[in-house]
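The values are calculated or read from the model by the stated rules, or taken from the named source; none is laboratory data. Bear in mind the structure is a predicted one, so any value in this text is a computation, not a measurement. For neighbour counting, all protein chains shown are included, and Cβ atoms are generated from backbone atoms with ideal geometry for every residue, glycine included.
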Amino acid sequence: GQTQQEPLVIPEFQGLQITLGRNFRIASPPVLNFVADGGFVLNGTLDDLRPDGTVRLRRGEVNIFTTRFDLQRGYAHRAVFRPEFGLDPVLDLRLATSVQQVTRPTDLQSGSAEIAEASITNLGEVDTVRVEAIVDGRASELLAEQSDALELRSSPPRTESEIVALLGGWLYRYPGRERIGAIANIAGSAILSRFDTSIGDALGLDEFRLFPTTTNNEGEFELGLGAEAGIDITRNVTFSILKILTSEDPAQFNLRYRLSDRVTIRGTTDFAGENRAVILYEVRF
């Protein structure tokens, strides 16, 4: 006789309570790394899961382009799961980072309309731009080319295209030996960033980073290692210490006070004769 096949059993969850334990880690190296807690109730079949609940993100970071963003302290970061959206949570995150913007002097060569290539030893004014990424929307919306779920802000203000360039679209601008430092920064950041968060958290710092750099040693360009530690005294006042660890140059102490979106007062000293105070008034064209 014929063998009668058993009907296919499709498992279905009904009110399955899932609770994330203390220091539960959500990671996808090298893109993201979060420590989370919270929980949700799971219903539905394997091909139609319908979670309902909230996962709280306590700390962590996301790598965007070549830049690491950290979850801002003091904000209730969360991923809210709703049954109608399935495994596509609504994200409410605030992330921040600092990037360096170099304003290079542009010299016109006599008798020529061409702009001379900037020397690595004459980089011009270096400004620290604080970038904030505001995520408010479903995770799938972040993949859209024009996403309303992601907003980029900066202080001092920059356009979104300028912010994107600062976050990683800058490599092609670097000529000659400067590109060595840029490429080293990409490779080195991926290696060093895993230590930054641990050290910063242990020391109670608002920002700590290790970064590759280039140093000029009697005309010879060498790869080096730098470190910067900073605290936010207030929202508009920051203090930081920067040291090139592979150089004998003294550490640089920086105090920055942003009076408004256009006016910034910045002071720098190494307590060895190098003292500067600058008032910046910025107009964007």
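Which strands (runs of 3 or more DSSP E) sit wholly inside segment 65-106 and have at least 3 residues that are at pLDDT below 90 and under 25 Å from Leu242 (Cβ atoms)?
Details: elements: 67-71, 78-81, 90-103.
Correct list: 67-71, 90-103.
Need the failing condition index for Ala116 against (1) among the hydrophobic types (A, V, I, L, M, F, W, C); (2) under 21 Å from Gln72 (Cβ atoms); (3) at pLDDT below 80, just the number.
Going through the list (1) among the hydrophobic types (A, V, I, L, M, F, W, C); (2) under 21 Å from Gln72 (Cβ atoms); (3) at pLDDT below 80, Ala116 breaks only (2).
Does Glu162 qualify as being at pLDDT below 85, surrounded by fewer than 17 Cβ atoms within 10 Å (Cβ to Cβ), in a helix (DSSP H, G or I) and in the same structural domain as Asn63 (by TED's automatic domain parsing)?
Numbers: at pLDDT below 85: yes; surrounded by fewer than 17 Cβ atoms within 10 Å (Cβ to Cβ): yes; in a helix (DSSP H, G or I): yes; in the same structural domain as Asn63 (by TED's automatic domain parsing): yes.
When the stated conditions are applied, Glu162 passes them.
What's the number of the condition Asp92 fails, among (1) surrounded by fewer than 19 Cβ atoms within 10 Å (Cβ to Cβ); (2) more than 27 Å from the chain's Cα centre (by Cα)?
For Asp92, the exception is condition (2).
Restricting segment 255-285 to residues that are part of a strand (DSSP E or B) and in contact (Cβ under 8 Å) with a residue 24 or more places away in the chain, which is farthest from Ser240 (Cα to Cα)?
Of the residues in segment 255-285, the ones part of a strand (DSSP E or B) are 255-258, 263-269, 275-281.
In the following step, the residues that additionally are in contact (Cβ under 8 Å) with a residue 24 or more places away in the chain were identified as 256, 258, 264, 280.
Numbers: Arg256: 9, Arg258: 14, Thr264: 16, Leu280: 18 Å.
Per the stated criteria, the residue is Leu280.
Quick one: which residue in Ile265, Ile231 is over 23 Å from Arg59 (Cα atoms), touching a strand residue (DSSP E or B) at 6+ places or on another chain (Cβ under 9 Å) and either of a type outside the set (Phe, Trp, Tyr) or at pLDDT below 85 (or both)? Spell out how you get there, then give the answer.
Working: Ile231 fails: over 23 Å from Arg59 (Cα atoms).
Selected residue: Ile265, the only one of Ile265, Ile231 that is over 23 Å from Arg59 (Cα atoms), touching a strand residue (DSSP E or B) at 6+ places or on another chain (Cβ under 9 Å) and either of a type outside the set (Phe, Trp, Tyr) or at pLDDT below 85 (or both).
When you check Val35 against the structure, is it within 30 Å of Leu166 (Cα to Cα), within 23 Å of the chain's Cα centre (by Cα) and at pLDDT 85 or above, yes or no?
Working: within 30 Å of Leu166 (Cα to Cα): yes; within 23 Å of the chain's Cα centre (by Cα): yes; at pLDDT 85 or above: yes.
Criteria met by Val35.
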